[in-house]
Every structure is written in structure tokens, then in C-alpha cells.
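Every number here is computed from the coordinates shown, using simple stated rules; none is lab data. The structure presented is a predicted model; accordingly, all values stated were derived computationally and were not measured. Here the Cβ is made from the backbone with ideal geometry for all residues, glycine too, and neighbour counts use every protein chain on show.
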Amino acid sequence: MILRLIRGLAEYERLAHQMEATAGRIRRHGFGRRRYFEALICRRGRTPIGLALYYFTYSTFVGRPTLYLEDLFVLPAERGHGAGRALLRALAKIAVRHGCGRMEWAVLDWNTPAIRFYRKLGATLRREWILTRLAGAPLRRLARGR
């Protein structure tokens, strides 16, 4: 179920060719002994229609945890009916319960419907911060000390 929604997100974001997630990895990393993420599933009846995958980081400036939303996805046919808002509301409750100073996430710059939705909720876009990523061969090279 989670993997199917992640695959839907990858297709929506035009990144399906980069998807390497498997059911085994999701099970191990989200439900194993050491959990790297938590997930909320939004359902209409018994059918999963949305996903919020998150974890906690720490803000040294705020001196409190941050709830980091890695992925928020609602099936295209289900958008505009409150599923995204319900997932974000549930996450906000979790953040408050855990004493978080903030919630953060990234949004693709071309995703204007999502940007409009987030602004409507009162979220601010931090354009001065650039998401930086080290992956694949460069990550392995750095780990080896080169």
C-alpha cells in the first residue's frame, strides 16, 4: 500500500525512473527494529488515497525537534476533497504533541497547485535555502575519504 502510493508520487513528480524503493526496504526501514520514518495513510472507506511519510530532525537554532515531511501524496482523482489538509492537520497534531518548533518540507518549484495549497495554510517558502544532496558515487567516494 505504501509502496503503491510512493510509486504514484514518483510518477506525478516525473521521477519514476529514479525510484529504487521496494516493499522489503519500506518494511525494514519503517517497521523494523530501527525505524527511520513513520507514515500516515488517508483512506476513503477502505481504499488508501493518500500518504504522509515523515521523520523527526532537530533544529539547533530553535532548540527543539522538527517534524520533517518527506512525502505528501494524494491520488490525483482524490485531490480537492480534504485528504491533503487532513494529513497535514494530523501531522501538525503530532508535531505539537512532540514539542516540535516547526514542520518543514520541500516542494518542487513547478508544482503550483501544491504551492498555492501550502501558502493558503500559512506556510512560507524559503527560497534562500537550497536543498543539497549527495548520492550515489559521490557519496561513496566521500565515505571512502577521497
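Just one of the numbered conditions (1) under 30 Å from Gly136 (Cα atoms); (2) touching a helix residue (DSSP H, G or I) at 6+ places or on another chain (Cβ under 9 Å); (3) of a type outside the set (Ser, Thr, Tyr); (4) in contact (Cβ under 8 Å) with a residue 24 or more places away in the chain is not true of Glu13; which one?
The number of the failed condition is (2).
Enumerate the pairs (first residue in the range 90-110 and farther than 15 Å from Thr57 by Cα; second residue anywhere and outside any loop (DSSP other than H, G, I, E, B)) with beta-carbon separation below 6 Å, excluding pairs fewer than 6 apart on the same chain, so at least 6 apart or on different chains.
Going by the 6 Å Cβ cut-off, the qualifying pairs are Ala90/Leu40; Val107/Ala114; Val107/Ile115.
Looking at the range 48-63, which of the residues that are polar (S, T, N, Q) and in contact with a strand residue (DSSP E or B) (Cβ under 8 Å, 6 or more places away or on another chain) is surrounded by the most Cβ atoms within 10 Å (Cβ to Cβ)?
Out of the qualifying residues, it is Ser59.
Give the residues of the range 47-80 that are in contact (Cβ under 8 Å) with a residue 24 or more places away in the chain and more than 24 Å from Ile26 (Cβ to Cβ), sorted by residue number.
Ser59, Val62, Gly63, Arg64 - these are the residues of the range 47-80 that are in contact (Cβ under 8 Å) with a residue 24 or more places away in the chain and more than 24 Å from Ile26 (Cβ to Cβ).
Do we have any residue at all in the range 30-44 that's surrounded by 14 or more Cβ atoms within 10 Å (Cβ to Cβ), more than 21 Å from Tyr118 (Cα to Cα) and without any contact (Cβ under 8 Å) to a residue 12 or more places away in the chain?
no
Would you please name the residue that is nearest to the chain's Cα centre (by Cα), looking only at residues in the range 5-44 that are among the hydroxyl-bearing types (Ser, Thr, Tyr) and farther than 24 Å from Glu78 by Cα?
Tyr36
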